[in-house]
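First up is the structure itself, then whatever we jot down about it.
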Amino acid sequence: VIGVVIGKTDVRGFPDRKNIGSERYTFSFTIRDSPTDFINVNSWGREEYVRSLSESFRVGDCVTIENPLVQSKEAEREEKFNPVTP
């Protein structure tokens, strides 16, 4: 999938429930891949990976998403642009 980044959150960390004493990191961004469609993306991983990925692009940049893990939408959620704003 190729699209333009239209929204992005800051990196945040939280305790990893599976590995006590360590943290997992995440950040989210939204890309528009056509005039009418967009995709909300969540990236997870170790701090170095997530921070490096987050710093590698900005809102307005064109990105390519390769080998994504796709999750279906929840039926009760509305179809809308869904970034988190600080």
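The values are calculated or read from the model by the stated rules, or taken from the named source; none is laboratory data. Please read these numbers as outputs of a predicted model, since none were measured by experiment. Note: ideal-geometry Cβ built from the backbone for every residue, glycine included; neighbour counts use all protein chains shown. Please note that ligands, DNA and RNA were not included when accessible areas were found on the heavy atoms of the full protein model with its side chains. Shrake-Rupley method; radii C 1.70, N 1.55, O 1.52, S 1.80 Å.
Computed quantities for the displayed model
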{"item": "Full-stretch length increase - PHE14, ARG32 - with 0.36 nm per residue and alpha-carbon distance subtracted", "result": "3.7 nm"}
{"item": "Derived scalar couplings ³J(HN,Hα) [the stretch 35-50; Karplus, 6.51 cos²θ - 1.76 cosθ + 1.60; whole Hz; x for Gly, Pro]", "result": "x, 10, 10, 9, 9, 8, 10, 10, 10, 10, x, 6, 3, 4, 5, 5"}
{"item": "Charge context of TYR49, other residues only, Cβ under 13 angstrom, K/R +1, D/E -1", "result": "-1"}
{"item": "Largest-first principal axis extents of the Cα set of the stretch 2-66 (Å)", "result": "44, 20, 19"}
{"item": "Estimated dipole of the stretch 2-66 in Debye, rounded to 20 [Cβ of Lys and Arg +1, of Asp and Glu -1, Cα centre]", "result": "220 debye"}
{"item": "Candidates per GluC sites (Glu not before Pro) in the stretch 1-70, loop by DSSP, up to 10 other Cβ within 10 Å", "result": "GLU66"}
{"item": "Computed lengthening from TRP44 to VAL59, 0.36 nm per intervening residue step minus Cα-Cα distance", "result": "3.5 nm"}
{"item": "Accessible carbon and sulfur surface of the stretch 2-66 relative to its total accessible area, %, 1.4 Å", "result": "48 percent"}
